[in-house]
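Asks: To start, I am sharing the structure in question, which I have written as structure tokens.
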Amino acid sequence: MKKVILISLVFASTYLNGQDSDIATEVLDSLYSRAIDGRIDLMLQGGPIFFEQNEVTARIENNVGHFKFLNDSELIQESLDRKRTVNAIRTVHKVISQDTIDVNFGTVGVTAKRQIHFYKGLRFKKANFAVSCGGTNGYQPDFRFVLNSNGTWELLTNRFLDEMNKADNSR
């Protein structure tokens with residue numbers, strides 16, 4: 001009986017302390033667009049820049065500059081066409097609270113080969129997805145947006161701009 005009461009109290013406290021993470025899709029779309037546009041290092045790169053397509057980036061792909069948004073099968077085909085590893089940028093968000101959202105970037109390496117192998121039947125393509133590590137420095141957001149008192153989302157942290165400023169100051 002004590003175990004049942006203890007388990008029910010744990011579930012009740014989890015339910016009561018849980019945060020509501022429903023953010024409007026328009027807000028997420030605008031934050032993703034601002035974060036991608038804020039990647040100054042991507043603006044300086046030459047050649048095509050690939051983004052892995054997820055539910056948010058599929059909605060904003062027409063609103064963001066010269067980047068290519070590809071799903072997994074398109075990334076595999078791109079790797080097969082180029083005959084080498086294709087690196088794509090994975091974009092995800094983390095809702096810290098109702099007034100704080102982090103947008104983070106990572107790298108996904110896609111290596112595909114045409115070969116015959118057996119996995120749940122006969123297959124003719126094999127693809128490996130390698131996801132980059134965030135490092136051992138603890139959690140540090142790439143972009144942190146905070147809802148200010150006016151009701152607008154303000155950019156609080158831009159890790160890529162901060163790194164460029166540190167590099168300029170060290171010269």
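The values are calculated or read from the model by the stated rules, or taken from the named source; none is laboratory data. Model, not experiment: these values are computed from the prediction. Every residue, glycine among them, receives a Cβ derived from its backbone with ideal geometry; neighbour counts consider all protein chains shown.
Asks: So which residues in the range 73-118 are assigned to a helix (DSSP H, G or I) and charged (D, E, K, R), if there are any at all?
Replies: 74, 78, 81, 82, listed by residue number.
Asks: Can you find, within the range 44-72, the residue that is nearest to residue 127 (Cα to Cα) among those that are touching a strand residue (DSSP E or B) at 6+ places or on another chain (Cβ under 9 Å) and in a helix (DSSP H, G or I)?
Replies: 72
Conditions (1) among the polar types (S, T, N, Q); (2) over 30 Å from residue 149 (Cβ atoms); (3) within 14 Å of the chain's Cα centre (by Cα), marked per residue:
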| site | (1), (2), (3) |
| --- | --- |
| 68 | no, yes, no |
| 71 | yes, yes, yes |
| 85 | yes, yes, no |
| 92 | no, no, yes |
| 95 | no, no, yes |
| 99 | no, no, no |
| 110 | no, yes, no |
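Asks: Select, from 117, 66, the only residue that is surrounded by fewer than 12 Cβ atoms within 10 Å (Cβ to Cβ) and under 30 Å from residue 154 (Cβ atoms).
Replies: 66
Asks: Here's a follow-up. Evaluate the following for residue 10: is it modelled with pLDDT under 85 and surrounded by 10 or more Cβ atoms within 10 Å (Cβ to Cβ)?
Replies: Considered against the rule, which asks whether it is modelled with pLDDT under 85 and surrounded by 10 or more Cβ atoms within 10 Å (Cβ to Cβ), residue 10 comes out as yes.
Asks: Follow-up. Sort out which residues of the range 134-147 are free of Cβ contacts under 8 Å to residues at least 24 places away in the same chain and within 13 Å of the chain's Cα centre (by Cα), and write them in order of number.
Replies: Listed by number, the list is empty, since nothing qualifies.
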